[in-house]
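Following: one structure in structure tokens, then a few remarks.
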Amino acid sequence: MPEIVTEETESETETESETQTETEQTIAVQTQPSTEVTILASDIPAYSGKPYVEINDNVPYFRETDLSVSSYEYYSDLDDLGRCGVVYACIGTDLMPTEERGNIGAVKPTGWHTVKYDVVDGKYLYNRCHLIGYQLSGENANTKNLITGTRYLNVDGMLPFENMVADYVKETGNHVMYRVTPVFEGDNLLASGVQIEAESVEDKGEGILFNVYCYNVQPYVEIDYATGDSSLLADAAVQSDSTDSSGQKAAVTSDESVETEKSTVSAGDGIADFGNTGSENESMSSGSDASGSVKNDTGSGSGGSDTLMVWKSATGSKYHSINNCGNMNPDKATQITEAQAISQGLGKCSKCW
């Protein structure tokens, strides 16, 4: 009997060991997110006034083995038309930038035009949009990570989700799997929009979990996605800073009329180049802020900037770079210039600036 018991024990031990080895091998298989574009512009609901729409019930398409706990990033090569492809990263604090962003004005993504409309916040229609925000990856003038996007796409569409991820990573030290897919229809040079997927790794999506499509549109402006050309919609009421040769106010300022203009602005931890190099606004740091602020780096004096848009709460004594800082109610926050905020006796919030 003792011999039989010994043999059975050894057999059971061997079986358990083999099972454990198979399990360890399965766990050790680490995959990377797909770069296949699985979403078509024709499958996206028509824009209806909201900057984004949820995809797949707001659940990303990551496989469980895609969820890494080691930070890294990947950028697809540009296609034959020079367009960006799918990019993804495992966002961690060690991937985030530790210095201010540099100038990216020399980069001109496909579909780029320098054009201004009075109906656009900041006037410039197009921004150089980072697919993976600079505040998440530290990637600045990476041509594989920059597309031509409307101000509306950049600030109202993408920025809130970038802020949400940045805040989560900084506060928890956890990682977030993050994938952005620019969606081009046919041979269009301008993306119809971008799909953003994100899932927090260590807490299995409890902190961050979303799958959204952000529209590359601009209210009151009609866009030709084949070329990036644009025109003001007939029903848009605008006023302009310039007057044409007939004395009529012009609604648009094009490349030729801004060749002599040059200023550098920043939004949060990003820098934007306006004028003949175009405009680019990048992410601030908030948890799903619905708008951005523009900061004039040329100096505004003690009275504050007339171009820097800031947020004030309904009752607070500070002005903010985001509309949900601390206990602010974003629905009751209002946007004014920094000069107006200072003239109203508001101080600069040290938490969000």
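Values quoted throughout were computed directly from the atomic coordinates according to the rules given, and no laboratory measurement underlies them. Fair warning: this is a prediction, and the values are worked out from it, not measured in the lab. Positions of Cβ are generated from backbone atoms using ideal geometry, with glycine treated the same way; all protein chains shown enter the neighbour counts.
If R0 equals 25 Å, the separation of the Cβ atoms of ALA226 and ASN56 corresponds to a calculated FRET efficiency of about 0.30. Both radii are taken from the alpha-carbon atoms of region 168-243; with Rh as the Kirkwood radius, Rg/Rh is 1.20.
For the listed residue pairs LYS170/LYS312; LYS108/LYS318; LYS204/LYS351, the alpha carbons are over 31 angstrom apart in LYS108/LYS318. On full extension, the segment bounded by TYR72 and THR315 gains 83.3 nm, given 0.36 nm per residue less the C-alpha separation. Backbone geometry of region 183-199 corresponds, through the Karplus equation with coefficients 6.51, -1.76 and 1.60 at θ = phi - 60°, to 3J(HN,Hα) couplings of 10, 10, 9, x, 9, 4, 7, 10, 5, 6, x, 9, 9, 10, 10, 8, 8 Hz, x marking Gly and Pro.
Between ASP80 and SER42, the modelled labels are 2.0 nm apart [label points 7 Å from Cα along Cα→Cβ].
Relative intensity of region 299-348 on a log10 scale, I(q)/I(0) at q = 0.17, 0.18, 0.26, 0.31 Å⁻¹, equals -0.42, -0.47, -0.91, -1.19, per a Debye sum over C-alpha point scatterers of equal strength in the absence of solvent.
Here is the list for region 310-353: trypsin sites (Lys or Arg not before Pro) lying in DSSP coil, each with at most 15 other C-beta atoms within 10 angstrom of its C-beta, are LYS332, LYS351. Rg ratio for region 43-108: its Cα radius of gyration over 2.2 N^0.38 Å, N being its residue count, equals 1.52.
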